[in-house]
1. Of all residues in the stretch 88-110 being within 22 Å of residue 176 (Cβ to Cβ) and more than 16 Å from ligand 1 (Cβ to nearest atom), which is surrounded by the fewest Cβ atoms within 10 Å (Cβ to Cβ)?
2. How about the stretch 228-244: which of its residues are under 18 Å from residue 275 (Cα atoms) and more than 10 Å from ligand 2 (Cβ to nearest atom)?
3. Can you find even one residue in the stretch 277-292 that is free of Cβ contacts under 8 Å to residues at least 40 places away in the same chain and within 16 Å of the chain's Cα centre (by Cα)?
4. Could you say whether any residue in the stretch 320-338 is within 16 Å of the chain's Cα centre (by Cα), buried (at least 18 other Cβ atoms within 10 Å of the Cβ) and modelled with pLDDT of 95 or more?
5. Across the stretch 236-285, what is the total count of residues that are part of a strand (DSSP E or B), away from ligand 1 (no atom under 15 Å from the Cβ), in contact with a helix residue (DSSP H, G or I) (Cβ under 8 Å, 6 or more places away or on another chain) and closer than 30 Å to residue 56 by Cβ?
6. How many residues does the stretch 86-122 contain that are assigned to a helix (DSSP H, G or I) and touching a helix residue (DSSP H, G or I) at 6+ places or on another chain (Cβ under 7 Å)?
7. Looking at the stretch 123-142 only, could you name the residues that are in a helix (DSSP H, G or I) and more than 12 Å from ligand 1 (Cβ to nearest atom)?
8. From the list 215, 168, 155, exactly one residue is over 30 Å from residue 379 (Cβ atoms), at pLDDT 95 or above, surrounded by fewer than 19 Cβ atoms within 10 Å (Cβ to Cβ) and away from ligand 2 (no atom under 16 Å from the Cβ). Which is it?
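The values are calculated or read from the model by the stated rules, or taken from the named source; none is laboratory data. These numbers come from a predicted model, not from an experiment. No Cβ is skipped: glycine too gets one built from the backbone with ideal geometry, and neighbour counts run over all protein chains shown.
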Ligand code: UD1
Ligand code: UDP
């Protein structure tokens with residue numbers, strides 16, 4: 001009889017987790033010495049399914065938890081409660097979670113309660129402000145306390161894990177799997193068409209930006225378009241009803257705005273590639289755009305992703321209407337300032353994060369004897385351009 005293969009259960013539920021876990025769950029499934037399974041909470045429904053379809057992932061478990069207007073409390077409780085029988089049934093040797101969402105936090109807690117080791121993909125991101133981003137900063141810190149395997153994307157993130165008192169042996173510098181996902185998808189992009197004017201790509205959804213900050217963001221976009229008649233805006237709106245309402249109220253009737261539903265990952269990467277400039281409060285977009293050589297103005301006051309800011313391709317501008325207008329017009333008008341930011345850099349990954357993580361997991365579950373020593377070195381050429 002064959003010995004039982006180690007069971008690796010990946011748990012995720014939102015769009016960004018799905019993008020960042022997709023290449024990893026595919027690679028784990030391809031390993032004959034591992035039994036890789038996927039449980040989705042469906043904290044997001046449509047936005048999760050978009051990614052599952054693209055990467056052809058069929059989860060073993062789908063908790064189908066999303067409710068319109070869900071609260072942090074109810075969602076956390078439902079993930080925890082409904083994951084318990086899943087953990088009982090599948091008896092994983094390792095549970096993988098990604099990032100900082102409610103799904104990641106509650107799944108890590110559920111696994112911890114069962115004394116199942118947790119591997120944390122994208123460990124060590126910190127702003128050091130407990131309410132910013134909310135609740136993600138606290139989710140990350142709490143997951144770090146519960147995890148056994150800390151898969152840090154960058155040296156800054158690895159250093160934050162060490163500062164938390166995590167043993168060096170448990171920290172691995174892998175690069176971010178978002179670059180693996182991006183490179184896999186980018187090879188299927190259609191040719192870029194000749195442009196018709198300049199385009200801003202705008203996304204905003206963060207909880208701490210709800211209310212006045214989000215009003216400021218969308219009001220600024222309108223004012224920028226009024227000031228520069230050749231500029232268009234592409235605005236794929238998050239399905240959160242609060243975001244839909246503000247975005248449509250400010251921009252819905254503007255002739256040079258294309259309000260879109262959330263784009264599938266491939267067309268979204270195409271929209272990033274084709275944009276002149278990206279305005280966003282998204283974490284993942286901040287990580288992807290530098291690889292595409294697109295300047296990003298980040299609509300937040302803090303960042304847990306300082307690397308591209310240091311490299312000069314990402315700038316923090318906050319959510320004040322007038323500051324967003326000034327900073328955006330500066331980049332649109334000053335070709336030297338624009339050129340300085342529009343350089344392709346890869347501070348977040350080289351496309352080999354997944355390969356590294358698979359080997360770390362194999363070592364962790366005893367499928368290989370030696371601890372892998374290959375680490376991500378920023379600045380190295382990506383695996384595939
Ligand atoms: C969540 C994450 C955030 C992440 C973001 C990515 C938490 C606390 N927040 O925020 O870290 O950056 O996802 O997008 O985990 N909705 C739909 N369909 C969808 C997705 C969402 O209708 O496919 C609507 C629902 O009404 C839902 C609401 O959006 O209740 C909010 O979704 P939720 O996952 O609670 O929060 P996000 O703001 O998406
Ligand atoms: N994204 C997408 N379609 C869109 C907007 C974003 O596929 O219309 C992708 C984007 O490329 C990135 C991820 O979604 O990989 C980021 O998700 P989001 O901004 O929702 O969450 P965050 O990264 O801020 O947690």
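1. At the first step, the residues of the stretch 88-110 found to be within 22 Å of residue 176 (Cβ to Cβ) are 94-105, 107-108.
Subset that is more than 16 Å from ligand 1 (Cβ to nearest atom): 94-96.
On the way: 94: 20, 95: 28, 96: 30.
Ranking the qualifying residues of the stretch 88-110, first place goes to 94.
2. Filtering the stretch 228-244 down to residues under 18 Å from residue 275 (Cα atoms) leaves 228-237.
Matches in the stretch 228-244: 228, 229, 230, 231, 232, 233.
3. Residues of the stretch 277-292 that are free of Cβ contacts under 8 Å to residues at least 40 places away in the same chain, as a first pass: 286, 289.
Adding the requirement that they be within 16 Å of the chain's Cα centre (by Cα) leaves 286, 289.
Yes, the stretch 277-292 has at least one match.
4. Within the stretch 320-338, none of the residues are within 16 Å of the chain's Cα centre (by Cα), buried (at least 18 other Cβ atoms within 10 Å of the Cβ) and modelled with pLDDT of 95 or more.
5. Initially, the stretch 236-285 is screened for residues part of a strand (DSSP E or B), giving 236, 257-260, 277-280.
Right, trim to away from ligand 1 (no atom under 15 Å from the Cβ) and you get 257-259, 277-279.
Right, trim to in contact with a helix residue (DSSP H, G or I) (Cβ under 8 Å, 6 or more places away or on another chain) and you get 257, 259, 277-279.
Add one more test, that the residue is closer than 30 Å to residue 56 by Cβ, and what stays is 259, 278.
The number of residues fulfilling the criteria is 2.
6. First pass over the stretch 86-122, keeping only residues assigned to a helix (DSSP H, G or I): 86-90, 102-113.
Okay, now just the ones that are also touching a helix residue (DSSP H, G or I) at 6+ places or on another chain (Cβ under 7 Å), so 87, 102-112.
Final tally of qualifying residues: 12.
7. First, the residues of the stretch 123-142 that are in a helix (DSSP H, G or I): 136-142.
The answer is 141, 142.
8. Working: 168 fails: over 30 Å from residue 379 (Cβ atoms); 155 fails: over 30 Å from residue 379 (Cβ atoms).
Testing whether each residue is over 30 Å from residue 379 (Cβ atoms), at pLDDT 95 or above, surrounded by fewer than 19 Cβ atoms within 10 Å (Cβ to Cβ) and away from ligand 2 (no atom under 16 Å from the Cβ) leaves just 215.
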